[in-house]
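Engineer: Mind having a look at this structure? Questions to follow.
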Amino acid sequence: MTAASTPQSVPGDGDPPVPLSPPLAPGVPRGGRRAAVTGYLRYVAGRAAGAAVSLFAVLVTSFFLFRVLSRDPVRAMTHGAPMSAEQQRTLRRQFGLDLPLWRQFTGYCGSALRGDLGTSYQFHAPVGELIRQKLPATLLLTGTAVVLYSALGLWLGTRAAWRSGRRADRVNTGVALTLWSVPSFWLGLLLIIVFGVGLGPVPGLFPTGGMSSGDTAGLAYVLDVAHHMVLPVVTLVAVGYAQTLLVMRSSLLDEMGGDYLTTARAKGLRDAVVRRRHAVPNALLPTVTMVFINLGFVAAGSILTETVFSWPGLGQLFYQALSVPDLPLVQGLFVVFAGAMILMNLLADLIYPLLDPRVGR
């Protein structure tokens with residue numbers, strides 16, 4: 001993925017900033033517009049081909065990696081219960097485990113391309129159906145956390161860079177680095193002890209696990225779910241916002257020495273206008289990469305946080321699948337997690353030329 005910043009022209013106070021070289025700016029000669037469109041389509045085709053290759057690599061990795069790491073699938077399915085040789089051969093034939101490895105692989109790839117991720121050993125249900133059942137809970141939890149910590153990181157990162165070296169900058173950066181270095185499962189357990197169970201004068205304020213109490217409906221159900229989300233969301237936000245803060249701070253510090261900002265100030269623009277209309281837009285490209293990577297994590301969820309808080313999402317399902325191990329379920333979740341990241345990276349790559357005309361040339 002490519003990221004770069006683009007200085008923009010300095011219009012008047014009331015005008016929006018205009019990029020120096022927009023890809024399809026009005027007034028560009030027809031031949032130039034056609035060449036720009038052709039170049040962008042060639043860039044899109046290249047990125048899409050790269051994403052397809054990455055997705056195929058994910059399929060290959062998911063098939064062979066878990067077969068190398070995991071134990072005998074038949075023993076996993078039976079949880080080590082004694083079985084006759086005939087019963088083991090029947091199970092191997094039923095799940096296609098008696099076929100040569102290359103035929104298992106081609107069958108797996110063909111089924112995956114048709115949207116069939118196999119049948120779970122543990123739940124005896126289609127993997128795709130299990131993922132569809134758990135996906136909404138993960139999207140709700142991690143989607144809320146990603147929106148919150150991306151916005152918080154952008155806001156704090158902008159202010160830390162604009163007031164670089166001051167006490168607020170040092171405090172913000174220090175707290176962010178400290179929380180970033182804390183394991184999410186440890187922080188989650190700490191929050192459960194203090195705010196879930198209660199510690200000393202602090203009473204237990206929030207539920208320690210699950211998504212709802214199970215005896216509510218309507219608006220009460222919505223409030224109950226929001227109540228259950230507080231501790232896991234705080235855990236994800238506390239650990240995750242530092243990345244966005246540090247990237248935004250570093251990117252904005254690079255832009256603050258630009259001549260175009262000196263020109264903007266020389267024209268009499270207020271400092272807040274210079275920051276909002278000229279410095280921040282040019283510092284956003286590296287942060288866009290971070291935001292799209294975070295969006296990829298929305299589908300992937302957080303295995304440790306969901307497990308600690310017994311949140312019924314894809315992260316907890318992945319933990320259950322690994323504990324068996326349930327090969328079709330582990331492979332299916334691995335493909336979905338990696339596919340979400342590849343898709344978000346592809347979208348970020350397609351947006352870059354629209355933000356910076358130099359990208360893709």
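The values are calculated or read from the model by the stated rules, or taken from the named source; none is laboratory data. Quick caveat, the model's predicted, so the values are computed rather than measured. Note that we place each Cβ from the backbone using ideal geometry, even for glycine, and neighbour counts take in every protein chain shown. Ligands, DNA and RNA are stripped out before the accessible areas are found, and what is left, the full protein with its side chains, is counted by its heavy atoms. Shrake-Rupley method; radii C 1.70, N 1.55, O 1.52, S 1.80 Å.
Engineer: State, as an integer percentage, the relative contact order of the range 227-361 based on alpha-carbon contacts under 8 Å between residues 6 or more apart.
Structural biologist: Numbers: 96 pairs, mean separation 31.0, N = 135.
Across the range 227-361, relative contact order equals 23 percent.
Engineer: Using modelled amide H (1.01 Å from N, peptide plane; none on Pro or chain starts), what sits under 5 Å from the amide H of THR119, excluding residues fewer than 5 places away?
Structural biologist: VAL127
Engineer: Equivalent ellipsoid semi-axes for the range 193-317, as square roots of 5 times the alpha carbon gyration tensor eigenvalues: give them largest first, rounded to whole Å. Could you put the intermediate results ahead of the total?
Structural biologist: Details: eigenvalues 350, 58, 41 Å².
Working from the Cα gyration tensor, I get semi-axes of 42, 17, 14 Å.
Engineer: Take each of the peptides 214-222, 140-148, 51-59, average the number of other beta-carbon atoms within 10 Å over its residues, and list them starting from the highest. Could you put the intermediate results ahead of the total?
Structural biologist: Working: 214-222: 10.0, 140-148: 20.7, 51-59: 14.8.
By packing density, highest mean first, the sequence is 140-148, 51-59, 214-222.
Engineer: Among ILE303, PRO203, ALA279, which residue has its Cα positioned farthest towards the positive end of the charge dipole of the range 192-351, with +1 placed on the Cβ of Lys and Arg, -1 on the Cβ of Asp and Glu, and the dipole taken about the Cα centre?
Structural biologist: ALA279
Engineer: Here's something else I'd like to know. Can you tell me what percent of all Cα-Cα pairs in the range 198-268 are more than 17 Å apart? Kindly include the intermediate steps, with their values, before the conclusion.
Structural biologist: On the way: 1670 of 2485 pairs.
I get 67 percent for the Cα pairs in the range 198-268 exceeding 17 Å.
Engineer: Follow-up question, since we're still on this one. Looking at the range 126-263 from every direction and averaging, what is the projected area of its Cα convex hull in nm²? Could you put the intermediate results ahead of the total?
Structural biologist: Numbers: hull surface 51.3 nm².
The directionally averaged projection comes out at 12.8 nm².
Engineer: For GLU129, what accessible surface area do you get with a 1.4 Å probe? Give it in Å², rounded to 10.
Structural biologist: Approximately 70 Å² for this residue.
Engineer: Using 0.36 nm times the number of residues separating LEU322 and PHE64, minus their current alpha carbon distance, what extension gain do you get?
Structural biologist: 91.4 nm
Engineer: Right, next: Step through the residues of the range 51-61 one at a time and calculate ³J(HN,Hα) from phi using the Karplus curve (6.51 cos²θ - 1.76 cosθ + 1.60, θ = phi - 60°), rounding each to whole Hz and writing x for Gly and Pro.
Structural biologist: Those phi angles translate into 5, 5, 5, 4, 5, 5, 4, 5, 4, 5, 5 Hz.
Engineer: Once the convex hull of the alpha carbons of the range 161-239 is built, what does its volume come to per residue, in cubic angstrom? Provide the component values of the computation, followed by the final result.
Structural biologist: On the way: hull volume 10.0 nm³, N = 79.
Hull volume over Cα atoms, normalised by residue count, gives 127 Å³.
Engineer: About its Cα centre, what dipole magnitude does the range 216-308 give when the only charges are +1 on Lys and Arg Cβ and -1 on Asp and Glu Cβ, stated in debye to the nearest 20?
Structural biologist: Details: 7 positive and 6 negative charges, 106 e Å.
Charge dipole, the range 216-308, about its Cα centre: 520 debye, nearest 20.
Engineer: Whenever you get a sec, compute what percent of the accessible area on the range 241-285 sits on carbon and sulfur atoms (1.4 Å probe).
Structural biologist: The C+S portion of the solvent-accessible surface of the range 241-285 is 50 percent.
Engineer: Where only protein heavy atoms count, and the probe is 1.4 Å, what is the accessible area per residue for the range 273-337 in Å²?
Structural biologist: About 29 Å² of surface per residue is accessible.
Engineer: When the gyration tensor of the range 72-192 is built from Cα positions, what are the square roots of 5 times its three eigenvalues, in whole Å, from largest to smallest? Walk me through the intermediate numbers first.
Structural biologist: Working: eigenvalues 493, 67, 39 Å².
Equivalent-ellipsoid dimensions as semi-axes: 50, 18, 14 Å.
Engineer: Please report the carbon-and-sulfur percent of the accessible area for the range 135-232; probe 1.4 Å, protein heavy atoms only, DNA, RNA and ligands left out. Can you show the working numbers first?
Structural biologist: On the way: 3830 of 5340 Å².
Roughly 72 percent, rounded to a whole number.
Engineer: Take the range 253-361, compute every pairwise Cα distance, and split them into 10 Å bins from 0; I just need the percent in each bin.
Structural biologist: Computed distribution, short to long bins: 13, 28, 22, 17, 13, 6, 1.
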